[in-house]
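The values are calculated or read from the model by the stated rules, or taken from the named source; none is laboratory data. All values derive from a computational prediction rather than experimental measurement. Because the Cβ atoms are built from the backbone with ideal geometry, glycine has one as well, and the counts that use them run over all protein chains shown. Areas reflect the complete protein model, heavy atoms only, side chains present, ligands, DNA and RNA absent. Shrake-Rupley method; radii C 1.70, N 1.55, O 1.52, S 1.80 Å.
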Amino acid sequence: MIGKIDQEVDGRLSGDRIRPLVRPHLLDINPYVPGRPAAEVMREFGLTNVVKLASNENPAGPSPKAVAAITQMLPDLHLYPDGAAYDIRGAIARHTGLSSDHVFVGNGSDEVIKLIMETFLEPEDEVLTPFPSFMSYALSAAMVNATLVQVPLTADFQYNLDEVLAHITARTKLIVLCTPNNPTGTWLTHTAVDAFMSAVPADVIVVIDEAYLEYVDSPDVLDSLQFVRERRAVISLRTFSKMYGLAGLRLGYALADPAIIRFLHQVRLPFNVNAVAQVGCEAALADEAHVVRSRAMNAAGREQYYTGLTRLGIPYIPTQGNFLLARVGDGQAVFEALQRRGVIVRAGFAGLSPYIRISIGTQAQNESCLAALAALQSLSLF
Ligand SMILES: *Cc1c(COP(=O)(O)O)cnc(C)c1O
């Protein structure tokens with residue numbers, strides 16, 4: 001391979017020469033586009049104050065206990081992390097009432113999603129996902145060249161689990177449910193998932209992405225671990241990136257029967273979770289006060305948006321996450337206009353062009369966002 005590249009006559013490579021070397025199924029993948037960093041938007045528009053409400057980050061910041069534990073371990077950075085992640089898996093096991101053998105950690109749940117697909121999906125296999133939902137499922141499925149079958153949510157973004165069941169074929173290996181669902185904020189009840197689980201064939205694995213679980217305060221809350229304890233083919237995915245305020249550390253985890261977990265180890269890198277993340281997340285897990293504060297801040301922020309958007313006559317989708325969809329007409333145009341006013345939200349989700357997704361921030365950040373929306377409205381921009 002190196003030899004072939006070296007033979008380029010003029011010593012330069014062109015994309016045309018490299019393209020045929022790439023595995024064909026990778027050519028059409030559009031890489032993930034994250035929310036825009038505040039610093040980038042400040043530079044572009046010459047702003048000094050930017051509110052980023054684009055990536056569902058915790059506006060309360062990380063747990064102070066996590067920060068303290070990380071500071072203490074920094075002199076040990078010359079050491080490799082514990083490849084088995086013994087302590088953090090033990091802490092998660094105690095937190096969830098499962099055993100360490102039920103816990104698999106990854107470099108964010110994004111990595112865990114990819115590893116699950118690499119473990120189970122052959123090119124001809126099908127994975128069912130909701131639509132619209134989190135981009136990672138489609139991306140990871142594309143990377144392993146599996147067939148993505150997107151099952152639409154209802155018009156008001158609710159799950160239709162009968163519809164999901166109806167899409168199961170002999171090729172279906174994985175079903176992904178995301179609840180609360182990103183980017184819609186809609187959620188599944190335990191009763192609904194329980195009935196669904198009884199109808200799913202035994203040889204199909206159900207992945208339940210619960211990145212926003214800690215924010216849920218609705219009745220009949222999903223207890224996905226019941227299915228794990230019942231030894232069903234279920235993988236629950238959780239993360240330290242949202243409620244725990246540690247998105248920059250990168251640690252997400254899977255909870256599942258050890259019979260499933262053991263095969264995920266076949267595809268992971270030896271040190272996939274760094275030492276700082278292992279220490280910081282263990283401390284964060286022990287800081288219940290930070291979770292309680294963050295949950296209360298988010299619950300208040302939700303009400304603030306419900307009230308503020310209602311006053312502006314902007315329809316929204318009730319949410320159980322730390323973000324919500326607002327129907328503004330032309331999502332992309334309003335996204336750009338808000339950005340010029342120093343408020344970064346998200347738009348451009350497939351199937352959601354009339355909407356923007358707003359992450360719930362501090363009271364002051366939410367106020368800025370609502371004020372910017374009001375200003376755009378008074379300029380008749382929507
Ligand atoms: C944010 C998010 C994740 C978390 O990703 P990490 O890689 O753990 O930061 C996973 N699933 C969904 C649906 C999300 O919105």
| field | Residues satisfying the stated conditions in the range 37-59, i.e. part of a loop (DSSP other than H, G, I, E, B) and within 16 Å of the ligand (Cβ to nearest atom) | value | P37, L53, A54, S55, N56, E57, N58, P59
| If you check L74 against the conditions, is it aliphatic (A, V, I, L, M), open to solvent by less than 60 Å² (accessible area, probe 1.4 Å) and out of contact with any helix residue (DSSP H, G or I) (no Cβ under 6 Å at 6 or more places or on another chain)? | no
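Residues of the range 205-223 being within 16 Å of the ligand (Cβ to nearest atom) and either in contact (Cβ under 8 Å) with a residue 60 or more places away in the chain or assigned to a loop (DSSP other than H, G, I, E, B) (or both), which ones? It would help to see each step written out before you state the result.
Of the residues in the range 205-223, the ones within 16 Å of the ligand (Cβ to nearest atom) are 206-216, 222.
Passing the criteria: V207, D209, E210, A211, Y212, E214, Y215, V216, L222.
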| said: Checking the condition surrounded by 11 or more Cβ atoms within 10 Å (Cβ to Cβ), modelled with pLDDT under 90, touching a helix residue (DSSP H, G or I) at 6+ places or on another chain (Cβ under 9 Å) and closer than 26 Å to S140 by Cα, which residue from R36, R89 passes? | reply: R36
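Name every residue in the range 96-112 that is near the ligand (Cβ under 10 Å from one of its atoms) and either open to solvent by less than 10 Å² (accessible area, probe 1.4 Å) or polar (S, T, N, Q) (or both), in order of residue number.
Initial filter on the range 96-112 (near the ligand (Cβ under 10 Å from one of its atoms)): 106-112.
Answer for the range 96-112, where residues must be near the ligand (Cβ under 10 Å from one of its atoms) and either open to solvent by less than 10 Å² (accessible area, probe 1.4 Å) or polar (S, T, N, Q) (or both): G106, N107, G108, S109, V112.
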| said: For the range 162-180: of the residues being open to solvent by less than 20 Å² (accessible area, probe 1.4 Å) and aliphatic (A, V, I, L, M), which is farthest from the ligand (Cβ to nearest atom)? | reply: V164
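Which of the residues belonging to the range 159-213 are polar (S, T, N, Q) and at pLDDT 95 or above? It would help to see each step written out before you state the result.
Within the range 159-213, the first condition is being polar (S, T, N, Q), and the residues that meet it are 160, 169, 172, 179, 181-182, 184, 186, 189, 191, 198.
Passing the criteria: T169, T172, T179, N181, N182, T184, T186, T189, T191, S198.
Those residues that are at positive phi and either of a type in the set (V, I, T) or more than 11 Å from the ligand (Cβ to nearest atom) (or both), I need them from the range 233-250; list them, please. Talk me through it step by step, then tell me what you get.
Of all residues in the range 233-250, those at positive phi come to 245, 250.
Within the range 233-250, just G245 meets the criteria.
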| Is it the case that Y244 is buried (at least 21 other Cβ atoms within 10 Å of the Cβ), at pLDDT 95 or above and in contact with a His (Cβ under 8 Å, 6 or more places away or on another chain)? | yes
| message | I'm trying to understand the selection: among the residues of the range 115-144, which are in contact with a helix residue (DSSP H, G or I) (Cβ under 7 Å, 6 or more places away or on another chain), within 13 Å of the ligand (Cβ to nearest atom) and hydroxyl-bearing (S, T, Y)? | response | T129, S136, Y137, S140
| request: Return a yes/no flag: does the range 60-71 have any residue that is within 16 Å of the ligand (Cβ to nearest atom), under 21 Å from P31 (Cβ atoms), at pLDDT 95 or above and open to solvent by 10 Å² or more (accessible area, probe 1.4 Å). | output: no
| query | Counting only residues that are within 17 Å of the chain's Cα centre (by Cα) and of a type in the set (S, T, Y), which one in the range 102-148 is nearest to G83 (Cα to Cα)? | reply | S109
| task | Report, ordered by the first and then the second residue, all pairs with beta carbons closer than 7 Å, sequence separation of six or more or different chains, a first member in the range 224-250 that is without any contact (Cβ under 8 Å) to a residue 60 or more places away in the chain and farther than 21 Å from R295 by Cβ, and a second member that is part of a loop (DSSP other than H, G, I, E, B) and open to solvent by 30 Å² or more (accessible area, probe 1.4 Å). | result | A233/A202
| query | Taking L269 and the conditions (1) within 16 Å of the ligand (Cβ to nearest atom); (2) within 20 Å of the chain's Cα centre (by Cα), which numbered condition does it fall short on, given that it satisfies the others? | reply | (2)
| Do we find a residue being within 16 Å of the ligand (Cβ to nearest atom), of a type outside the set (V, I, T), open to solvent by 10 Å² or more (accessible area, probe 1.4 Å) and closer than 25 Å to S241 by Cβ anywhere in the range 183-204? | yes
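If you scan the range 23-33, which residues turn out to be assigned to a loop (DSSP other than H, G, I, E, B) and surrounded by 10 or more Cβ atoms within 10 Å (Cβ to Cβ)?
I29, Y32
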| What strands (runs of 3 or more DSSP E), lying completely within the range 73-156, carry at least 3 residues that are free of Cβ contacts under 8 Å to residues at least 60 places away in the same chain? | 126-131, 147-152
| task | Quick one: which residue in A300, A283 is touching a residue at least 60 places away in the same chain (Cβ under 8 Å), in contact with a Ser or Thr (Cβ under 7 Å, 6 or more places away or on another chain) and part of a helix (DSSP H, G or I)? | result | A283
| note | Note on E282: of the conditions (1) over 30 Å from L370 (Cα atoms); (2) crowded, with 18+ Cβ neighbours inside 10 Å; (3) within 15 Å of the ligand (Cβ to nearest atom), unmet is (3)
